[in-house]
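Just below is one structure, and these are the notes that go with it.
The values are calculated or read from the model by the stated rules, or taken from the named source; none is laboratory data. Predicted model, so just to flag it, every value in this text is computed and none were measured. Cβ coordinates were reconstructed from backbone atoms using ideal geometry, including for glycine residues, and neighbour counts include every protein chain displayed. Surface areas here come from the heavy atoms of the whole protein model, side chains and all, with no ligands, DNA or RNA. Shrake-Rupley method; radii C 1.70, N 1.55, O 1.52, S 1.80 Å.
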Amino acid sequence: QVQIVESGGGLVQSGGSLTLSCKASGIIISGYTAYWYRRAPGNQRELVAFITGSYGTTYADSVKGRFIISRNNIQNTVSLQMNLLKPEDTAIYYCAIDDNWGQGTQVTVSA
């Protein structure tokens, strides 16, 4: 019933930018906090950023000042704008809303 689909991942060089999108269906996201997580092989899952229903945002220290999370409740989407990307940002990025998770989208940053 609920489906979360991330998109926008890809291969980018260090210093580049990429914007991820999270499209939700089967759920109206406006009242929920939305989260972006990431996981690299051999690493634990890391909370990257979240945005509340009132548009408050919180970022991990590792991405603060570089990433911007936003939401569009009309489109039922959440975005993650990633700037000044670093190789350590390489991971599968996941969107989570009300404990519903997407399949992830791969972000690879080359040195």
Out of the residues in the stretch 8-28 that are within 13 Å of W101 (Cα to Cα) and not in a strand (DSSP E or B), which is most open to solvent (accessible area, probe 1.4 Å)?
G26
Scan the stretch 1-28 and report the pairs whose first residue is closer than 19 Å to T52 by Cα and whose second residue is aromatic (F, W, Y) and open to solvent by less than 30 Å² (accessible area, probe 1.4 Å), with Cβ atoms within less than 6 Å and a gap of 6+ or a chain change.
L20/Y93
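With open to solvent by 20 Å² or more (accessible area, probe 1.4 Å), more than 15 Å from the chain's Cα centre (by Cα) and modelled with pLDDT of 95 or more as the only criterion, which of P41, P87 stands out? Explain how you work it out, then say what you get.
On the way: P41 fails: modelled with pLDDT of 95 or more.
Answer to the check: P87.
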Which listed residue is touching a strand residue (DSSP E or B) at 6+ places or on another chain (Cβ under 8 Å), more than 14 Å from Q3 (Cβ to Cβ) and among the small types (G, A, S), from A49, A24
A49
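Could you list, in sequence order, the residues of the stretch 54-72 that are of a type outside the set (K, R) and either surrounded by fewer than 16 Cβ atoms within 10 Å (Cβ to Cβ) or within 15 Å of V5 (Cα to Cα) (or both)?
Narrowing the stretch 54-72 to residues of a type outside the set (K, R): 54-63, 65, 67-70, 72.
Result: S54, Y55, G56, T57, T58, A60, D61, S62, G65, S70, N72.
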